[in-house]
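Data first, discussion second: the structure below is written as structure tokens.
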Amino acid sequence: MSAAAGDEIPKISAPANRALDLAGHTTLAAISQLTKKDLLDLHGVGPKAIRILREALAEHGLTFADERK
């Protein structure tokens, strides 16, 4: 899935970017369908990547799946 303008994943660590890419999560919309645990279970994704992704999601009115009310 290619990223639409503004839906790109922000700069995070290379290991985290590789883990997301290998798992097929290449857009913020795709990441918003995952829980924090789903992401942390990917080798290379850590708390800093979660924080950066959360901020990017918020800028687009999105959240992680487990943060919705």
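The values are calculated or read from the model by the stated rules, or taken from the named source; none is laboratory data. These numbers were taken from a predicted model, which means no experiment stands behind them. Note that we place each Cβ from the backbone using ideal geometry, even for glycine, and neighbour counts take in every protein chain shown. The accessibility values were calculated without ligands, DNA or RNA, using every heavy atom of the protein model including side chains. Shrake-Rupley method; radii C 1.70, N 1.55, O 1.52, S 1.80 Å.
Pairing residues of segment 17-39 that are loosely packed, with under 15 Cβ neighbours inside 10 Å with residues that are not in a helix (DSSP H, G or I), at Cβ distances under 8 Å and at least 6 apart in sequence or on separate chains, gives Arg18/Gly44; Gly24/Met1; Thr35/Phe64. Condition check for Gly46 on (1) open to solvent by 70 Å² or more (accessible area, probe 1.4 Å); (2) in contact with a helix residue (DSSP H, G or I) (Cβ under 9 Å, 6 or more places away or on another chain); (3) not polar (S, T, N, Q): one failure, at (1).
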